[in-house]
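Written below as structure tokens is the structure these notes are about.
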Amino acid sequence: MKTRFLAGLALLTTPLAASEPVMFCERPLTAQPIAENTWMVEGLREELSTSNCGHIGNQAFIATPNGTILIDSGSSPHFGEALKTLIAQHSSHPVRWVLNTHHHPDHFFGNAAFDEAEHLTLASTRALMARDREALIDNIERLTGRNLARSHIALPDTIEAGEVTLGSYPLMLYAMSGHSGGDLVIMDHSTDVLFLGDMGFYQRAAATAHSPGLQQWQEELNELRGLNARIAVPGHGPSAPPETVFDQTAHYLAWLDQHLSDVANEGLGANHALAVEIPDAFNTIALTKYEFTRSVVQLYPRYEARLLWGTPQ
Amino acid sequence: MATPTPIITLQRLAAALTAFLAAFIWLIFMLPSTALATVNTAEQDPLNSFMWPVYRERFLGDATVVFDERVIVNAPEFAEDSGQVPIELDASELEDSGEPITDIIAWVDLNPIPRLFHYSPMSHGLAKLSLNIRLEQASAVRVAVKQGDTWHVGGTYIEAEGGGCTTPGIAGADNDWENTFGELQGRLFANESEQRLRVRLSHPMDSGLIPSQPAFYVQSFELLDQQGQQVAALDIEASVSANPTLGLHMRPSLEGYVIGARDNNGNRFSIGLQP
Ligand SMILES: [Zn+2]
């Protein structure tokens, strides 16, 4: 039944009159309705580049009577401005809260465009933002070929996991760490939408550089399965039924984990791990070869440390 | 002027003939080289790097040099972390085909310290090796394998840092060596044809290129049999990554091997590995 209200959705809020499409990086930026008063903006299933100006991650927003809640803000203040304009076309309330799911730049560098809003994230995430901020700015500037107003990239305030009420709108916050070491997952029980951040990747290969461990990531995904959400918004790729997103992310992580363990246990090197044929099931996912290469190089020494040298991970 | 144009003019015939001849000549030239695709005696560098003539002269002198596909160099297409790029050499097909291999030299064309290592397989080493290297920028990586009087050269090209939505090098920064300095760990994996040694030495491998940071790096590894006889030797430069991790491939030995290492400050490290 919840899937049927979409047609009438536009009437519930009072968006500005149909207006010019919002452009970013010479492409129209669009918001897809995914539930009542809830939209997502899907990033390109690509790596950061000059041709996508950094728009590779997803954002989502919920229009509430007391103001709009934004989940993740994109990879630059410039993008944040375009996002702000887009949101104004769908919600009559300005953004009052920005929730950042984790410390990767494509998820919080757009915060500066929402300076009248409260910016919130987990304490663990904020610590990682503080640690990596400078390097992440350098990285974004190098890969997108654009200068960021460095001083505008500020850190959000912290919020604790658990039940929170923003204005009068309740959300359930979960503190996880599988993808980045500090991952905020948001469950909206009013609409049964689950905002996964990069705990979930769908049709776009998972990035694993900052994962504390692929097994931990899988365990946390299993915990999230218990939430009975109706629709999941991954950090990258389209929204989908939660099981679909969990299955794809978890299958890939399980395969990667097993593969790295097998090669390390044989005393072979990272290049042997790279030489494997990637299963067909994953080859249809965008950027698989690229992320797989990155993951092997990042993670292989950790598998050797654990399996050969007995160093606790 | 009004003469009807014949379908086959003399010019067209000439053009067709020229094209045919060109194709024929091309075939003549291509045939031998396809037949001998593995060995290319031409001086033309398959990786097209302007540094090739310089390092060829510096590292290989005036000995005969051939580009040889049997010298396989594996590496990721791009350097995810420029401080730790895994490379792997496999020249076993070349080794199986002729005289023993006496020297293996590797370098990175565009690194400030270009040379990576000089490996002498001696009596017990096989022509395979893996280790992690530093890559200053996108560059050709070369391995030259000496068999008889000839250097057989292979290589690969590695693109510069990827990076993506995460930052290379932050999470796995190798600055933990202070607590574990000098720790030499190793495992031996045996099968019928070889004993694979995987070895890791906790060491900063400071190149001395950063002001205020003196050169402090491992210069050599050696492999000894149980009688203390040297059976293979590997000299390395500071272009090898921090915490050098080596994959060595040795002829089977009942008693295994002892691996020793020495740095430029005179520190010595050693570990024995038995099957
Ligand atoms: Zn991420």
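The values are calculated or read from the model by the stated rules, or taken from the named source; none is laboratory data. Keep in mind it's a predicted model, so treat the numbers as computed, not measured. Heads up, the Cβs are rebuilt from the backbone with ideal geometry, glycines too, and the neighbour counts pull from every protein chain shown.
Of all residues in region A:89-116, those being buried (at least 20 other Cβ atoms within 10 Å of the Cβ) and away from the ligand (no atom under 13 Å from the Cβ) number 11. Any residue in region A:275-293 that is aliphatic (A, V, I, L, M) and within 11 Å of chain B (Cβ to nearest Cβ)? Yes: one or more hits.
Among the numbered conditions (1) modelled with pLDDT of 95 or more; (2) within 17 Å of A:F108 (Cβ to Cβ); (3) touching a Pro at 6+ places or on another chain (Cβ under 9 Å), the only one that A:L70 does not meet is (3). I need a count of the residues in region B:229-263 that are farther than 20 Å from B:F181 by Cβ and within 14 Å of another protein chain (Cβ to nearest Cβ). Residues in region B:229-263 being farther than 20 Å from B:F181 by Cβ and within 14 Å of another protein chain (Cβ to nearest Cβ): 6 in total. Screening region A:139-220 for strands (runs of 3 or more DSSP E) wholly inside it with 1 or more residues that are within 16 Å of the ligand (Cβ to nearest atom) and within 14 Å of another protein chain (Cβ to nearest Cβ) returns the ranges A:183-188, A:193-201. For region A:221-256, a residue qualifies if it is in a helix (DSSP H, G or I) and surrounded by 19 or more Cβ atoms within 10 Å (Cβ to Cβ), and the qualifying residues are A:L221, A:L224, A:P242, A:V245, A:F246, A:Q248, A:T249, A:A250, A:Y252, A:L253, A:L256. Each residue in region A:103-138 was checked for being of a type in the set (D, E) and away from every other protein chain (no Cβ under 14 Å), and 3 of them qualify. State whether the residues of region B:250-266 include one that is aromatic (F, W, Y) and surrounded by fewer than 22 Cβ atoms within 10 Å (Cβ to Cβ). No, there is no match, as no residue in region B:250-266 is aromatic (F, W, Y) and surrounded by fewer than 22 Cβ atoms within 10 Å (Cβ to Cβ). Screening region A:264-309 for residues that are under 26 Å from the mean Cα position of the chain (by Cα) and part of a loop (DSSP other than H, G, I, E, B) and picking the one that is surrounded by the fewest Cβ atoms within 10 Å (Cβ to Cβ) gives A:T284. Of the numbered criteria (1) away from chain A (no Cβ under 14 Å); (2) within 10 Å of the chain's Cα centre (by Cα); (3) charged (D, E, K, R), the one B:E136 fails is (2). Residue under question is A:S91, and the condition is that it be closer than 25 Å to A:P212 by Cβ and polar (S, T, N, Q); does it hold? For A:S91, the condition - closer than 25 Å to A:P212 by Cβ and polar (S, T, N, Q) - is not met.
Go through the residues of region A:153-172 one by one and say whether even a single one is at pLDDT 95 or above and in contact with a Gly (Cβ under 6 Å, 6 or more places away or on another chain). Yes, region A:153-172 has at least one match.
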